[in-house]
Each structure stands twice: as C-alpha cells, then as structure tokens.
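**Q** Take this structure, written in structure tokens, and hold onto it; I'll ask about it next.
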DNA sequence: TGCTGGACTTAATCCAGATCAATATATACA
DNA sequence: TGTATATATTGATCTGGATTAAGTCCAGCA
C-alpha cells in the first residue's frame, strides 16, 4: 500500500529489515533458547507428529548455537558430515564451487526447512552452506537423530517423509531446468518462494528476497542479466511489483499461467 | 517358466534381447525366485550391511512379481504410494508428462538401484515409471520396510543412506543442468552410466544404451538432434565409438577432460 | 561527506542449441 | 516377409539467452 514508507527516514532503521519475524512475536526470532515444544515452527519441522514426551526427547538432542551473521558458513563442501540443521530464523543458501571459483547455487532454505541431508550417504557434505542474512539454527547431530528415530517410530516415519519430500522437490527442479524457459523458471521460482513464505505465516504476496539476483540466476541456470530482465518484463505485464529486493506478487494466477503456457501449445 | 503350458495360441515367444546378464549366470536374470541372500546384487541393494538373519527378515517382506515387458509401467504418476522397488534386472525410466503429452525423463534405473522414493512424502508417486526392456523387480512394501527398519537399526541406517545418496545425486544433476553445455552433459551422462554398469560387474567401456536418444535428451534438457550430433562429435574426436545403441568409451580420461574444461577457463 | 565496491539494470551483439526439414535405418507386427 | 512405425542422423536456419559493455544505485565506512 504505502510504497514510500522507506523514504521518510532512510538513515536509521536497521533492525526493520528482519522481515522473517511475524509481528507480535514476543521473543527475538533469533532467540536460541526456545524449546521444540514452544517453537512456532514445530508444525513444519521435525516435531510434527510427535507427542509431548517424544518432543522432549528430540529437544534434548538439539543444539542451539549462537546466531549466524550474513555470510557465515554452516559447513563447507567436503567437511565431515555430522549434523542436519533446521532453520529457525533467517535464510541460507547451498552452493558448489567449480575449480575456477564460480559457484552454482543448489538450494535456498527458509525457516522450518532442513539442511544437510546431502551429506548422509557419503559422510561428507556435498556443498557449502551459508547464511544469507542474520539467522539461527537448530543443529541435530545425525547419529543421535538415528538413535532416537530407532526408539520413536513416529520420528523415523517423519524423517523418511522429510527426505522423500526433498527427493520429490529435486525432481521437480530437474524438470524445471530441463524444459522451462527463463520466464517460466523465474515465475515458478517466485511462486515457490511465495508458498514457502506462506507456510511460515508470512505474506505470500509481499516479501523481501533474501538472495541476490546472481544467486537466483545460479540456482535457475540463468545469468544475472536475464533474471533482471525477466523481473522487469513480469513487472511490465503487471504480474509483479519489483523494488530492489522487495517483491509483490500482484497476479498469482497470471504467474501460474506463464508456467502453464509451457504446456499449452499443441 | 519354460515348461510350456497346454495353451499355445497366446502370443508368447519373445525373450532374447537381454543384454544386462553377465555370461555364466546359471539362472535367468529375470528369475523371480532368487532370495536376497543369494542375489548377486545384494552388495548394492538393501541387504548390504545386514547379517544373515536380518537378510532373511528382509527377504520375507520382498515381493517378486512376474517380469515386466518393455513399456510396462511399474506405476503411474499420482498412483497411491505403496512400495519402493529394487531393480533386479533390466532397466527403467521415470518421467513426468506435461499437459500436452510431452514427457520429461527424470531418471534411469539400473540393477541394484531403488525406485519410487519420490512418493514417500506425498503418498503418491510423482512420476510414471516404465521398463525400458524386459526387466524384473523386487517390490518392497514401504510400510513393512518401515516396520522392519524400526527393528533393525542397520536397515534404518542403510535406508537413510540410500535416500541421502539420491538427494546428493539429484543435486549434482541440478548443477549439471544449470551450468553445463550440451557436450559436457552428454559426456557426464556417459561416464555416469559407465560407472553404474561397472557397479553391476558389466563392462564400463562397452555397453548397450537401454534408452533412446530422445529419452537421453529429455533427461539432459536437450533435443534428440543435439544428442545425436554430440554423439557424432565425440566419435569424431575419438572419445567414443557409437553404433546405434552400442557404445564404446575409448578414452575415459578424454571424456572427463570435456567436463573439466568447463572449469578451466580463468 | 565523500569514497568504494557490490548489486542491479539496460542495451547491443553473438552463438549454442532449438527448430524445421528431409532422409535413413531398425524394429515390430500383420 | 514385407510394410508401417518408431528411432536416428544430418543439414539449414532461427532464436532465447549468454556475453559484452556501460552505466546507475546503493550500503558500508574511513
């Protein structure tokens, strides 16, 4: 609505950019003392489908470290695999580095999502993962998670489901990358973000991108320039409103239509 | 099996194109009575890391159905998820269909590999999967696998590893699709097949492709024409010898070099 | 307060791979 | 066994997005 609120006082409000925290939260979103039982993400994260005492057992193995600053690494490619991580606040990106130093982003992670499962099989993380903004994490040592899963069938079941979900998502991305145009990929990316923000009770139509255009391009297999151009084009079509990192989706169905049009041609 | 029944007017006489069977195997590779304990794929499949009695318990929940003919479906997109499947012989492809009927291949599966994990989370398969040639399968009802995993920590651990491996592989494909050229993708695809054939004791340098050029193109995000042209180009460079479905890799390091060259530019 | 370097945008040109088209070869099937 | 239908190859042309280039707009900070 008021698109000019930033122009009134541009010098002071730094804390205001923490957009991942729904208004009304009593505690700082990066607070590291919140328990699984009281965590507002428990419905998305591992505790779902566990009963009170089971949640307590999970809570006992979770390690809540100090918050991460923008750019801090959770782990680096080839580090020994030790834990999976649940995002509590903020956001992360995973990327692999080719020999020339050019990276390719393999994933973005928002609150309630699980990071690090790519290391389970080989016992080494396959990518590097760093915070895109101030962020906090629940670290779950994997050997303890396995032990607990063995005791709690519900937890085993749920972790199988979490991994299965990751596999299903990755296959969708495969299809996206192998057959969608730049515009379709970008529209799909925005819609995906939108529903992930909605999951954590944030607006599905107005949000701040935690990542750069370059990150998006690397993730979608496009260049920065193309991402930028597509944003402009989508804006001209009246589907979105883009203002630097600030995104407003003005016509969700229109965006869906862009993806659908891929399949519309006889 | 071969003892012919009284009814001979059924059209039955086809079973010769089986290339995946190492010479000297005493039993037909599609034999559906082989137990996990005696299966020559046990070192790749679920039984690995289980002891004798554990393997027996796994064996008890495995269902060995009749072999699949080329084109037969294991399951179709949106079917209710019930089982994961281990390929015993032959090969399969998974694909999703866009509304216009054009498919995109999401994966190929060789002996010892596990199919169907994309359905675990949503309880519905996310793709359709069909045999690329005469093939046989071990069906493992997932609810029983979960129950057994709960009793056997080794099995739980191993299935977590199998799923983690799938996730790691999918992320490599993500990188492949988002940043490799057509030639790099194709070289990488051939090398990948090569090591998967090696895993099942087949030649890593001479093999038959079970899939069409079109399947390969859909998987790699390329057109048939491009795949065909790249094959010709690789042959001209002396890296491979292509004869219809018959492939010989003549210079593995050369092929690796093609992929490496992606990263060589300063 | 002005400097510096990263992030973003826009435009001009180029090229890898798509598309279109024609033909050749293999495989299935009557 | 021959014919129909998938599969594969090859060439000519087109085009979406990369590349190159030249900026603008910031936020961080000495």
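Every number here is computed from the coordinates shown, using simple stated rules; none is lab data. Note that the structure is a prediction, hence the values are computed from the model and not measured. For neighbour counting, all protein chains shown are included, and Cβ atoms are generated from backbone atoms with ideal geometry for every residue, glycine included.
**Q** Over the Cα atoms of region B:56-97, how large are the radius of gyration and the largest Cα-Cα distance (Dmax), in Å?
**A** Looking at region B:56-97, its Cα Rg and Dmax stand at 12.1, 39 Å.
**Q** Applying a 10 Å radius around every beta-carbon, put A:176-187, B:109-120 in order of their mean neighbour count, most first.
**A** Ranked from most to least packed, the peptides come out as B:109-120, A:176-187.
**Q** Right, next: Can you give the mean number of other chain Cβ atoms that lie within 10 Å of the Cβ atoms in peptide B:202-211?
**A** Taking all residues of B:202-211 together, the mean is 0.
**Q** Next question, about the same structure. As an exercise, take the mean of 1/r over every pair of distinct alpha carbons in region A:56-139, invert it, and state the Kirkwood radius in angstroms.
**A** With all distinct Cα pairs of region A:56-139 included, I get 13.0 Å.
**Q** Show me A:73-79, A:130-136 ranked by packing, highest mean number of other Cβ atoms within 10 Å first.
**A** A:130-136, A:73-79
**Q** Still on this structure, please answer the following. What is the distance in Å between the Cα centres of region B:78-93 and region A:76-136?
**A** Measuring centre to centre over Cα atoms gives 30 Å.
**Q** Based only on the alpha carbon positions, what is the Kirkwood hydrodynamic radius of region B:119-207, in angstrom?
**A** Hydrodynamic radius (Kirkwood, Cα only) of region B:119-207 equals 16.2 Å.
**Q** With label points built 7 Å along Cα→Cβ from the Cα atoms of residue B:172 and residue B:63, find their separation and express it in nm.
**A** Going by the 7 Å Cα→Cβ label model, 3.3 nm.
**Q** For the pair residue A:214 and residue B:165, how long in nm is the line joining their label points, each one 7 Å along Cα→Cβ?
**A** Once both label points are built, they end up 3.7 nm from each other.
**Q** Which whole number gives the average count of other chain Cβ atoms within 10 Å of the Cβ atoms across peptide B:115-126?
**A** Counting other chains' Cβ atoms within 10 Å and averaging over B:115-126 gives 5.
**Q** Specify the inter-centroid distance of region A:153-172 and region A:177-245, based on alpha-carbon positions, in whole Å.
**A** 26
**Q** Here is a further query. Give me the Kirkwood hydrodynamic radius of region A:180-264, using the inverse of the mean 1/r over all pairs of distinct Cα atoms, in Å to one decimal.
**A** For region A:180-264, the Kirkwood estimate is 12.8 Å.
**Q** Measuring label to label, 7 Å along Cα→Cβ, what does residue B:124 give against each other copy in nm, shortest first?
**A** From this label point to the equivalent ones elsewhere in the assembly: 4.1 nm.
**Q** Quote the FRET efficiency, to the nearest 0.05, computed for residue B:78 versus residue A:33 with a Förster distance R0 of 51 Å and r equal to the Cβ-Cβ distance.
**A** After rounding, the FRET efficiency stands at 0.70.
**Q** Could you check the simple spin-label distance between residue B:245 and residue B:224, using points 7 Å along Cα→Cβ, in nm with one decimal?
**A** 1.6
**Q** In peptide B:156-165, how many Cβ atoms from other protein chains are near each Cβ within 10 Å, on average?
**A** 6
**Q** Write down Rg/Rh for region B:17-158, rounded to two decimals, with Rg from the C-alpha atoms and Rh from the Kirkwood relation over Cα pairs.
**A** 0.98
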